[in-house]
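Encoded as structure tokens, the structure appears first; notes follow it.
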Amino acid sequence: MEQRQLGRTGLRVSRIGLGTLTWGRDTDEHDAADQLKTFWEAGGTLVDTADVYGGGEAEYLLGKLVERLIPRRDVIIATKAGSVPDPYRRFNGSRGHLLAALDASLERLGTDYVDLWQIHAFDNATPLEETLHALDIAVTSGRARYAGVSNFCGWQLAKAATWQLASPGIRTRLASTQMEYSLVQRGVEREVLPAAIDLEVGLLPSSPLGRGVLTGKYRHTTPPDSRGASEQMARFVEPYLDEAASRIVDAVATAADGLATTPLGVALAWIRDRPGVVAPIIGARNIQQLTAALSVESLSLPDEICQALDDVSAPVHRYPDQDWSTL
């Protein structure tokens with residue numbers, strides 16, 4: 001699998017990442033082991049997790065499998081901290097909480113360091129410089145090799161990245177930002193993506209298949225074994241089952257028919273090769289889904305197909321998100 005540079009750093013990662021959101025919950029140890037081994041054998045290196053996935057079970061399972069199946073040096077472990085199971089405070093970006101969460105993650109993962117540590121979300125209740133100082137401590141102490149953020153909007157990302165760049169050699173440069181991005185969710189193109197490209201922060205798209213909708217599985221019905229039919233995940237999928245998304249899915253299916261491939265392949269190849277994107281994170285529930293995603297490595301979409309998909313899914317960008325003189 002092709003490797004790409006993560007932002008303006010020396011870290012190289014596979015251009016498809018393996019997500020672990022369902023590990024320890026919907027994906028058991030046997031299926032997780034099959035996924036990790038298959039991903040590694042295909043040349044994949046970037047494995048994404050978080051301290052809240054499965055209540056910590058995803059990290060624990062990943063650490064257990066890495067020790068048993070593949071050399072630690074061959075995997076880029078990315079985890080996140082900052083989300084908390086508190087209905088009154090969903091995010092905690094305080095230095096104390098973040099560093100304690102990192103130590104707990106390392107213990108569950110069974111490793112002395114993570115390759116990439118990201119703040120899971122912006123915390124309005126904590127000064128940003130305090131949150132970012134936790135990243136600096138994590139890197140200087142050796143507990144994290146690189147640092148990034150997740151779910152920061154445009155001004156938040158720009159402020160954080162610029163703050164870190166203000167003291168080179170003292171503060172840790174942001175390597176990445178992880179955001180939802182797909183043909184049915186192009187909101188990051190308004191401000192986040194331009195900021196990331198300008199500040200040389202690598203974008204790691206989550207839900208690159210539109211929470212599964214872009215595979216076409218929901219075109220005519222909701223499969224009983226799908227996330228859309230599950231009690232826990234139905235609300236996660238529902239926003240992309242509207243008429244606007246349906247038009248995009250139909251266009252993806254038409255392109256797939258013309259290229260003799262699958263809707264999954266078209267949607268994944270489109271997002272993988274967008275400007276600023278480093279590695280979409282695929283959250284497969286089983287080995288069949290992962291194998292289908294990995295088969296896209298050899299697929300590149302023709303320019304005319306990309307343009308057609310851009311047109312049918314184009315978000316509305318008006319002042320001040322564009323050059324005002326063109327409006």
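The values are calculated or read from the model by the stated rules, or taken from the named source; none is laboratory data. On a predicted model such as this, the values are computed, not experimentally measured, just so you know. Positions of Cβ are backbone-derived with ideal geometry, glycine not excepted, and every protein chain shown enters the neighbour counts. Areas reflect the complete protein model, heavy atoms only, side chains present, ligands, DNA and RNA absent. Shrake-Rupley method; radii C 1.70, N 1.55, O 1.52, S 1.80 Å.
Highest mean first, what order results for 134-143, 204-213 on Cβ atoms within 10 Å?
204-213, 134-143
What number comes out for the charge environment of Asp257, summing +1 per Lys or Arg and -1 per Asp or Glu over other residues with Cβ under 14 Å away?
Cβ neighbours under 14 Å give a net charge of 0.
Among DSSP beta bridges lying fully in segment 31-142, give the percent that are antiparallel, nearest 5.
10 percent
Given axes a ≥ b ≥ c from the Cα gyration tensor, I'd like to know whether segment 1-66 is rounded (a/c under 1.5), prolate (a/b larger than b/c) or oblate.
oblate
When you count, for each residue, the other Cβ atoms within 10 Å and take the mean per peptide, how do 103-111, 308-316, 278-286, 78-86 rank with the highest first?
Top of the packing list down: 278-286, 78-86, 103-111, 308-316.
Rounded to the nearest 500, what is the chain's calculated 222 nm mean residue ellipticity when only DSSP H runs of at least 4 contribute -39500 (n - 2.57) each, over all residues?
Rounded to the nearest 500, it is -11500 deg cm²/dmol.
Classify segment 233-291: rounded, prolate or oblate, from the alpha-carbon gyration tensor (a ≥ b ≥ c, eigenvalue square roots; a/c under 1.5 rounded; otherwise prolate if a/b is larger than b/c)?
Judged from the Cα gyration tensor, segment 233-291 comes out rounded (a/c under 1.5).
Who wins for biggest fluctuation among Leu128, Leu157, Leu116 in a Gaussian network model of the chain, springs between alpha carbons below 10 Å?
Answer for the Gaussian network model of the chain: Leu128.
Please calculate how many Å² of accessible area segment 247-327 carries per residue, with a 1.4 Å probe and no DNA, RNA or ligand atoms counted.
Solvent-accessible surface per residue comes out at 51 Å².
Would you work out the relative contact order for the chain, in percent, from Cα pairs under 8 angstrom that are 6 or more residues apart?
After rounding, I find 18 percent.
Compute the relative contact order of segment 230-322 as a whole-number percentage, counting only Cα pairs closer than 8 Å that sit 6 or more residues apart in sequence.
28 percent
By its C-alpha gyration tensor, with a ≥ b ≥ c as the square roots of the eigenvalues, how is the chain shaped: rounded for a/c under 1.5, else prolate for a/b larger than b/c, else oblate?
Cα axes put the chain in the oblate bin.
Using a probe of 1.4 angstrom, how much of the accessible area of the chain is carbon and sulfur, in percent?
Of all accessible area on the chain, carbon and sulfur atoms account for 50 percent.
Pairs of lysine in the chain with Cα under 28 Å and at least 8 positions apart or on different chains: total?
Step by step, the pairs that qualify in the chain add up to 5.
Quick check on the chain: of the DSSP beta bridges with both residues there, what percent are antiparallel, nearest 5%?
Of the beta bridges lying entirely in the chain, close to 15 percent run antiparallel.
Compute the distance from the alpha-carbon center of segment 214-284 to that of segment 23-59, in whole Å.
If we compute the Cα centre of each part, the gap is 21 Å.
What whole-number value in Å² describes the accessible area per residue of segment 15-155 for a 1.4 Å probe?
Result: 41 Å² per residue.
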